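Read through the structure below, which is laid out as structure tokens, and then see the notes.
The values are calculated or read from the model by the stated rules, or taken from the named source; none is laboratory data. All of these numbers come straight from a predicted model, not from anything done at the bench. Counting neighbours? That spans all protein chains shown, and the Cβs are built from the backbone with ideal geometry, glycine included. The accessibility values were calculated without ligands, DNA or RNA, using every heavy atom of the protein model including side chains. Shrake-Rupley method; radii C 1.70, N 1.55, O 1.52, S 1.80 Å.
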Amino acid sequence: MTPRAQRWLQGTVLALVGAAAVVAAVAWFLHTHERVEEQEPEPASGEVLWNPLYALRQSLVADGQRAVSRQRLQPELFAGAPGDTVLLDIDPARMRGDEVDALLDWVDRGGHLLVRTPPPGPVDGDEDDAAAASAVPPLLHRLGVEALAAPQCVHLQVEAGDPHVELCEGRRLRLGDVRPRLAWGDAEAGHAFVRIDHGRGTVDLLADFDFLQNPQLDEATHQALARQLLAPNYGRGTVHLVHATYLPSLWWRLARHGWPLWLPLALLLAGALWRRAQRFGPWLPSPAGARRSLREHVRASGALLHRLGQAPLLYEAVREAFLARLRRRDPATAALAGEARVQALAERMQLPHYLVRDALSRNGVQDRQTYLARVRTLIQMRNRL
């Protein structure tokens with residue numbers, strides 16, 4: 001068998017072995033893996049981004065209960081409906097006096113009001129009584145709240161459910177002479193929830209409404225607690241969900257959802273900085289190695305002679321190089337002298353006579369411009385031979 005046939009046979013065997021290995025790997029993968037479909041939830045968009053009570057409203061509507069949500073109280077929308085329910089997920093300290101009056105008059109006629117305490121601030125239950133009382137908003141003060149206390153979690157256990165702790169972020173409340181119908185929490189440390197009667201209506205005071213917001217309402221425990229809170233007027237009228245606008249910052253949204261864009265850009269920037277950055281090593285650069293380029297040595301020698309005022313010497317070298325090539329290429333013209341040689345060179349090089357005459361003259365080469373012009377002409381004439 002010839003060497004060429006042996007190489008072809010070896011290549012064929014290797015190709016067959018490689019193909020068999022690929023087929024075996026594919027067969028093993030298909031045998032040990034199973035194709036399954038998974039559903040990934042899409043990022044939230046639309047109203048759910050800025051309405052924290054969107055899920056609660058949709059759940060109420062799905063249960064046959066009329067529910068609306070808005071960002072302002074607007075008492076005129078429910079003033080004539082004492083069977084409605086109003087849930088205020090806003091800071092009650094920001095309510096105007098006329099809004100407080102209209103809201104309490106509506107509760108007197110049979111409305112159901114749910115309101116939270118102000119978010120934690122510089123004043124809490126550890127301060128003196130006068131400071132704590134001054135921190136109570138007018139709405140809560142008229143409902144009998146005497147002071148606000150520091151946040152503290154309360155335990156919640158629903159049958160067949162996991163243990164929970166709730167209302168950890170909101171400030172607790174202490175009542176004055178009001179006797180609540182229902183209460184949740186410690187009277188000394190402050191209640192996390194109280195239900196009181198106000199005229200023919202009902203008022204629920206809570207430390208916070210965080211368990212009613214969109215991410216938390218998926219849990220059955222929070223759904224059961226929400227249903228109990230809305231029980232007094234449930235099914236009788238409309239539930240008005242008044243909330244503050246919640247919209248995550250642009251930077252948070254870019255960090256969470258914009259990584260397919262900023263991560264490749266960050267990698268490109270890091271690569272560009274790494275490419276242009278100084279490498280690790282000694283502070284001083286390595287000394288230049290010895291070089292043997294003849295052209296560099298000749299150029300450096302010429303630059304040195306020119307700086308030292310030796311232009312006539314450089315001109316003479318260029319002139320002799322031209323004349324040496326002229327004697328080799330055209331001995332007849334080289335044998336001429338004076339104007340006869342200038343005339344012959346001008347006709348052969350197709351240059352003006354004065355340029356050829358000046359190029360062959362040694363006088364005046366100390367001037368820089370004259371030296372450069374004559375050397376340029378001699379090099380041009382030498383290249384045309």
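Some values worked out for this structure:
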quantity: For the range 1-64, alpha-carbon Rg relative to the globular expectation (2.2 N^0.38 Å, N residues); calculated: 2.81
quantity: Interchain or long-range residues, amide H under 5 Å from Phe193's placed H; calculated: Trp184
quantity: Antiparallel bridges, percent of DSSP beta bridges restricted to the chain (to nearest 5); calculated: 50 percent
quantity: Net charge dipole size for the range 1-116 [Lys, Arg +1 and Asp, Glu -1 on Cβ; Debye, nearest 20]; calculated: 960 debye
quantity: Alpha-carbon gyration tensor eigenvalues x 5, square-rooted, for the range 203-265, Å; calculated: 36, 13, 10
quantity: Shape parameters for the range 252-385, alpha-carbon atoms, Rg then Dmax in Å; calculated: 28.7, 90
quantity: Under the Karplus curve 6.51 cos²θ - 1.76 cosθ + 1.60, θ = phi - 60°, whole-Hz ³J(HN,Hα) for the range 89-96, x wherever Gly or Pro sits; calculated: 9, 9, 6, x, 5, 9, 7, 7
quantity: With all protein chains modelled, accessible area of Glu47 [1.4 Å, Å²]; calculated: 50 Å²
quantity: Helix 220-229 vs. the chain, principal-axis angle (Cα, 0 to 90°, nearest 10); calculated: 50 degrees
quantity: 0 to 90° range, to nearest 10: angle between helix 311-329 axis and the chain longest Cα axis; calculated: 60 degrees
quantity: Three principal axis lengths of the chain [C-alpha, angstrom, descending]; calculated: 135, 78, 45
quantity: Sulfur and carbon atoms: percent of accessible area, the range 4-52 [1.4 Å]; calculated: 63 percent
quantity: Translational diffusion coefficient (Stokes-Einstein; Kirkwood radius from C-alpha pairs) of the range 200-320 at 4 °C, 1.567 mPa s, in µm²/s; calculated: 53 µm²/s
quantity: Span from the the range 51-112 Cα centroid across to the the range 308-352 one, whole angstrom; calculated: 108 Å
quantity: Table column - 3J(HN,Hα) (Hz), the range 29-43, Karplus curve with 6.51, -1.76, 1.60, x for Gly and Pro; calculated: 5, 5, 7, 9, 10, 10, 7, 10, 10, 10, 9, 10, x, 6, x
quantity: Accessible area of the chain divided out per residue, in Å², using a probe of 1.4 angstrom; calculated: 66 Å²
quantity: Kirkwood hydrodynamic radius over Cα pairs of the range 1-109, then Stokes diffusion coefficient at 10 °C and 1.306 mPa s, in µm²/s; calculated: 74 µm²/s
quantity: Positive-end extreme of charge dipole, the range 164-225 - chosen from Ala189, Val165, Val203 (charges on Cβ); calculated: Val203
quantity: Amide H contacts under 5 Å for Val239, placed H, 5+ residues apart; calculated: Arg66, Ala67, Val68, Thr85
quantity: Residue-wise HN-Hα coupling along the range 348-361, computed from phi with Karplus coefficients 6.51, -1.76, 1.60 (Hz; x: Gly, Pro); calculated: 6, 7, 6, 10, x, 4, 5, 5, 5, 4, 5, 5, 8, 8
quantity: Sequence ranges 221-231, 260-270, 366-376, ranked by mean other-Cβ count within 10 angstrom, highest first; calculated: 221-231, 366-376, 260-270
quantity: Principal-axis tilt of helix 259-276 within the chain, Cα atoms, nearest 10 degrees; calculated: 30 degrees
